[in-house]
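For reference, the structure discussed in these notes is given below.
We did not get these values from a lab; they are worked out from the coordinates using the rules stated. The structure displayed is predicted, hence computed values, not measured ones. A quick note on method: Cβ atoms are made from the backbone with ideal geometry, for glycine too, and the neighbour counts reach across all protein chains shown.
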Amino acid sequence: MGKNLFQKIIESHLVSGKMEKGEEIAIKVDQTLIQDATGTTACLEFESLGFREVKSFAVIYIDHNTVQIGFENMDDHKYLQSVAERFGIIFSKPGNGICHQVHLERFAKPGTILIGSDSHTPTAGGIGALAIGAGGLDVAIAMGGGPFYLTYPKVIKVDLKGELPPWVSAKDVILKVLSIITTKGNVGCILEYGGEGVKSLSVPDRATIANMGAETGVTTSLFPSDEVTLEFLRKQGREGDWIPLEADEDAKYDGVIEINLSELEPLIACPHSPDNVKPVREVEGIKVDQVAIGSCTNSSYRDLMTVAHILSGRVIHKDVQLGITPGSKQVLLTVERDGGLSAMIRAGARILEATCNFCIGNSFSPCSNGVSLRTSNRNFKGRSGTPNALVYLASPETAAAAALTGRITDPRRLEDIGISYRRFSLPSSFVIDDSGFIFPLPREEREKVEIYRGPNIKPIPIKNELKSSIRGVIAIKVGDKITTDHITPAGGYLKLRSNIPEYSKHVFEPIDPTFYERALRNREKGLANVILAGESYGQGSSREHAALCPMFLGVEAVIAKSIERIHLSNLINFGIVPLTLADPQDYDELEEGDEVILPSIRKDIEEGRELTKLLRIRGNREITLRLNLTERQRRALLEGGVLPLISKGGV
C-alpha cells in the first residue's frame, strides 16, 4: 500500500507507539521555535526541568510583545536573550520578523518535524515540514531532547485541480476550505494537499494556506516538497536543505476534499469567526474604517508587491487608515529594493513594524464600532483590541481594493478603474540579511552567562496531585467556540505573560469580569472551580496560560461538549482534568453556581475508565462524563501535571 506524506515523515521519526488511528505515538523533534508571548513560560519550564542545553535545533523569536510600554516587555526580551545565550539557542531580535515567516525563509526544512509554542507553527507545512503548534511545556521538553506525543490522526487529502484565476489568491483557497469543514469537529485530523493544482502554488502561497489551516482545528497542514520548493530554497541560498517528498500515487486517505482552483472567486470571512465565509460580491459596499495588511498569514514578498502594484500611483480613501506589516526584515528589504515600499508609502499607507502587532490586538486597533478589513487569520470578537469592532478577513487583493474605495469591494472590479491584474510570485532573488539573529555562543562560554530576571518574571506555579474526589462549583458557564483569547486575553495584557498571579486577574475578563473574584471566593472556601463549556472549547492560540492561569485560580476540571487539541494537552500538562459530556444535552442541565462532585475521579483515572460520574447537588442529579485519555495523560493528571510527573521520574 502506498504512503501519504504524513506517514513518510512519521515513519522516520517514530520513537514509540503504533501508527494506527487513535493511538498515542511519540515522535522525535528536529526543530523547535518559541516566541516572546509564550516563550518566557516555556523557558522557565525548560529551566525547571533541569536541562543544561538544547538538544533540538531551537530558535527564540521576539515578535509579539514589541510595544514596550513599561519595563515588562523588554525585561522579558532580556531574559529570553540570556536564556538563548546560556543554553545554545538562536535568538531572533525584535524587528527581524514574525517567527513563522522568518522560520520559513531561513530554517524550515522539508521532511523534518517542527514543534512550536504558537498555534500557527503549521505555516512551515508549506515547505514540506511536519509543523505542529503546541503548549510551551511540550516545546520545552522537545528542546531538551524529549519526544512529542501525538494521537495518530486521520489524514484528509485536499485534492487541488486547475489554477487560480486573476484576482484570486491563496487566502481564498483556505477560506474555501474553512467554508467546507468549518472551525469545529476537526480535532485529530491532518490536511494533506495534493493534486495537479499544487504545482501552480508557490511556497509563500502554500504557507498562507497551511498557516490558516490552524483555524479549522486540524493538527497541521502539509504540502509536498517538489521543484517549486527547491526554487524557493535556492533563492534563500538553502538548496542543500531540499529533499523531494511526495505522496505515493496509491496513497490512502481517510477522506478527500476536492477543490477546483479555477472555479474560486474572492472570498471573505465575516465577523466573528474565520469560517463565516461568503463571496466578497455578497457583502460589497460595506463602509470600511481601517485596512490592515500583514500578519504571519499574508505578509510575504508576493503579498506586499501585489498590494504595491494595486496602490501604485493612487491614494487611499480619505476615510480609511491603512497599516501594512512586512512579515520579515527580508521581505521589507526585498520589497524596498524592487520599488514596492515607496509605492505603498506614497499611497498613504503606514508601514508598521515587522511583528504580530495588529493581529494580536496590541496596536493599530479599530475605532469604536469600526469595520476593519484584515489579511490576518482570526477575527474573534474583541481580538483586535476594540471589543465592538467588526473584523473581516480577506486576501491582500481584497484589502487593497477596500483601501482605495473605502468600502468592501470585489477586487475584480479594480479593472474598471484601470488597474490591471498582475500575478507576483518569487522575486529574482531575495535580500539575504541574517544580522537580526544572534547565534549560539561557543559551548565553553555559555556557562558564564548570567540569566537576567526582571521583577515581573515569576516562577511557574505547580499543582498538587489529584485528590480522590473533586468537590466544587461551576464557576462559569460559557458557550461554543470559546477561544484562548476569551480565557486569557492578549492585547495590553501580553506583558503579564511572565507573571501568572497578575495575569490570572484577567481570566475570562472579556466574557465575565467578575470571574476572578468569584473564583478566589470559591478557592478560599475550599471548593474547586469547574468550567462548563460548549463545543470547541479552547480554540485559537496555543497559549498555555489559558490553562496555567485557571489552574492558579483553583480550576480543577473543565467539562465541555468538545475540547480543542492544543488546549486539551495544556489542561493535562497543568493538572486540570478535561471531561466531555457523554450526552451533550446535559449541558442544559447544569448551571453556573451549581455545586458538583466528581466522587471517584482519581480511582476512575487510575483504573483507566473511559467514563466517570458527576453529581450535581441540586436535585441530586447524576451526569455521565467521558475521560478520553491516554495512559501517559492519566499518569500526568494523577500527579498534578507533567512538571510534577517528570520531577518524580515519570515520562
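In degrees between 0 and 90, to the nearest 10, how far off the longest principal axis of the chain does helix 515-524 point, with axes built from Cα atoms?
20
For the chain, what does -39500 (n - 2.57) per DSSP helix run (n ≥ 4), summed and divided by total residues, give at 222 nm, in deg cm²/dmol to the nearest 500?
Roughly -8000 deg cm²/dmol at 222 nm, from the helical runs in the chain.
Looking at the square roots a ≥ b ≥ c of the eigenvalues of the Cα gyration tensor of segment 507-647, which shape do they give, rounded for a/c under 1.5, prolate if a/b is larger than b/c, or oblate?
rounded
Enumerate the aspartates and glutamates that residue 613 could reach by cross-link, defined here as Cα to Cα under 13 Å, with residues fewer than 8 away along the same chain left out.
Straight-distance partners of residue 613: 583, 586, 604, 622.
Counting Lys and Arg as +1 and Asp and Glu as -1, what is the net charge of the other residues whose Cβ lies under 11 Å from the Cβ of residue 429?
Every neighbour counted, the sum reads +2.
Using 30 Å as the Cα-Cα cut-off, could you pick out the over-long pairs in 109/381; 28/161; 154/467; 28/603; 109/463; 3/28?
Pairs exceeding 30 Å: 109/381; 28/161; 154/467; 28/603; 109/463.
Specify the angular offset, from 0 to 90 degrees and rounded to the nearest 10, of the alpha carbon long axis of helix 72-87 from the longest principal axis of the alpha carbons in the chain.
Taking Cα atoms only, the helix is inclined about 80 degrees.
Tell me, in nm to one decimal, what length is gained between residue 615 and residue 234 on full extension, where the rule is 0.36 nm per residue of separation less the Cα-Cα distance?
Going from the current span to full extension adds 131.0 nm.
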